[in-house]
1. Quick one: which residue in 298, 222 is buried (at least 17 other Cβ atoms within 10 Å of the Cβ) and within 15 Å of the chain's Cα centre (by Cα)?
2. I'd like to know if the range 275-282 contains one or more residues that are touching a residue at least 60 places away in the same chain (Cβ under 8 Å) and either surrounded by fewer than 19 Cβ atoms within 10 Å (Cβ to Cβ) or under 17 Å from the mean Cα position of the chain (by Cα) (or both).
3. Specify which of the listed residues (131, 142) is crowded, with 24+ Cβ neighbours inside 10 Å, within 17 Å of residue 229 (Cα to Cα) and within 18 Å of the chain's Cα centre (by Cα).
4. Under the condition of being out of contact with any helix residue (DSSP H, G or I) (no Cβ under 7 Å at 6 or more places or on another chain) and in a loop (DSSP other than H, G, I, E, B), which residue from the range 21-46 is nearest to residue 92 (Cα to Cα)?
5. Scan the range 283-293 and tell me whether some residue there is under 19 Å from the mean Cα position of the chain (by Cα), closer than 24 Å to residue 195 by Cα and outside any loop (DSSP other than H, G, I, E, B).
6. Got at least one residue in the range 165-184 being part of a strand (DSSP E or B), modelled with pLDDT of 95 or more, in contact with a helix residue (DSSP H, G or I) (Cβ under 6 Å, 6 or more places away or on another chain) and under 19 Å from residue 325 (Cβ atoms)?
7. Just checking, does the range 136-153 include any residue being within 24 Å of residue 73 (Cα to Cα), in contact with a helix residue (DSSP H, G or I) (Cβ under 7 Å, 6 or more places away or on another chain), in contact (Cβ under 8 Å) with a residue 24 or more places away in the chain and in a loop (DSSP other than H, G, I, E, B)?
């Protein structure tokens, strides 16, 4: 049970009720009190799905399948330690990753032979998933700016059998200057205020939230998103995602970038079919947002998945004449 002295920030709850209807807001708040399940993927670079599942079953783990992703599964919270002590985990045959976190690479849909950029990659969960989807057929570049996180990313990819991914210790905001309009697909899972991952069983998950933090993160996201667009070739696909509910970090940010680049970009359907999806905002603080933003999606936390925002963007023509962010 969560500590009764640990509470959600009042300012956060007030904002949440501005974003969502009352019933949805209540459901989200309630979800923060429940222990999270432990989700994982089969690491198909090193193992095959059925033998791994058979081994986990023999160990007494009750594994639940995920209907929308054949390589994804989850166990209840009380089986987490047994899962992490298992031989498949120790051999890196499975990779523990939140289910919502698995969605952006699926929406990105990278194909073997393509050039793919993961712009803020550490610790490497989504980079590894991209590598599983592509194998070593193509070019994957993973960028991380924070030195300690970069080495964790590199070591993680190597241990999981994805040592063929090219890793770069670099500020993602500047990548486009070295590789303008080079990549077929770009993933920007942006650093954010992490509202979708709040957990009343873990006070640290709430420790750094504030309205000021939202503004700070939105500034970083804007610069990273500009770099992501400029790194993408005409005809390519960009997926932007966050694990936060803040419109300033989601719809409002995408809207401002669409305004900047005009008809060079368009938001397209994600192709997602999940029971806990909701449509994005059409306005915020009396500002009407671009109509094509209706194709973006919010994932609502439901005890199995975390709160997330996902937007898929196609690049129609070159944007290199757009100037600075």
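1. Only one candidate passes the filter, namely 298.
2. Yes: one or more hits.
3. Sole residue among the options that is crowded, with 24+ Cβ neighbours inside 10 Å, within 17 Å of residue 229 (Cα to Cα) and within 18 Å of the chain's Cα centre (by Cα): 142.
4. Filtering first and then ranking leaves 46.
5. yes
6. Yes, that holds for at least one residue.
7. Among the residues of the range 136-153, not one is within 24 Å of residue 73 (Cα to Cα), in contact with a helix residue (DSSP H, G or I) (Cβ under 7 Å, 6 or more places away or on another chain), in contact (Cβ under 8 Å) with a residue 24 or more places away in the chain and in a loop (DSSP other than H, G, I, E, B), which makes the answer no.
Quick grid of which residues meet (1) assigned to a helix (DSSP H, G or I); (2) touching a strand residue (DSSP E or B) at 6+ places or on another chain (Cβ under 8 Å); (3) buried (at least 18 other Cβ atoms within 10 Å of the Cβ):
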{"residue": "67", "(1), (2), (3)": "no, no, no"}
{"residue": "70", "(1), (2), (3)": "no, no, no"}
{"residue": "74", "(1), (2), (3)": "no, yes, yes"}
{"residue": "103", "(1), (2), (3)": "yes, yes, yes"}
{"residue": "107", "(1), (2), (3)": "yes, yes, yes"}
{"residue": "117", "(1), (2), (3)": "no, yes, yes"}
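The values are calculated or read from the model by the stated rules, or taken from the named source; none is laboratory data. These numbers were taken from a predicted model, which means no experiment stands behind them. A quick note on method: Cβ atoms are made from the backbone with ideal geometry, for glycine too, and the neighbour counts reach across all protein chains shown.
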